[in-house]
1. Only one of ALA20, ALA92, ALA69, ALA27 is modelled with pLDDT under 95 and among the small types (Gly, Ala, Ser). Can you tell me which?
2. Residues of segment 1-25 being closer than 17 Å to ILE45 by Cα, surrounded by 14 or more Cβ atoms within 10 Å (Cβ to Cβ) and either in contact with an Asp or Glu (Cβ under 8 Å, 6 or more places away or on another chain) or of a type outside the set (Gly, Ala, Ser) (or both), which ones?
3. Restricting to segment 64-101, what's the tally of residues that are farther than 30 Å from LEU15 by Cβ and under 11 Å from the mean Cα position of the chain (by Cα)?
4. Could you please let me know if ALA28 is surrounded by 12 or more Cβ atoms within 10 Å (Cβ to Cβ), touching a residue at least 24 places away in the same chain (Cβ under 8 Å) and within 11 Å of the chain's Cα centre (by Cα)?
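The values are calculated or read from the model by the stated rules, or taken from the named source; none is laboratory data. Quantities reported herein were computed from a predicted structural model and do not represent experimental measurements. Positions of Cβ are backbone-derived with ideal geometry, glycine not excepted, and every protein chain shown enters the neighbour counts.
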Amino acid sequence: MPVPIEFLRGILGILCVFFAHMLGRSAAAVRAGRQKNTRMYAWVIRTTVCGAALLFRHELDAVAIGVYAVAAAVLVLGFWAEQRPKKDEDLAHEIFPDNKS
């Protein structure tokens, strides 16, 4: 039983959005010097290929424009999330409570 092309376009759209998020996180890590450029370029290639595959045998339609818009927004959110300082939680008091009775 063949898989419908529209279903595959949906899967590629979801992958494109996920890859765009990882591209944003990777770009922020490269900018901060925590990651190599080659990882960012790999995410660029993955995002571009999935985005271009949305147009395979189709014209530019609402699905492709929607995926591109969401991917752009998620890329910015991924970049912003990676730049935010992460706070380490000190769970020592919860794991080892002070029993001073």
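1. Answer to the selection: ALA92.
2. The answer is LEU12, LEU15, CYS16, VAL17, PHE18, PHE19, HIS21, MET22, LEU23, GLY24, ARG25.
3. Qualifying residue count for the region: 0.
4. When the stated conditions are applied, ALA28 does not pass them.
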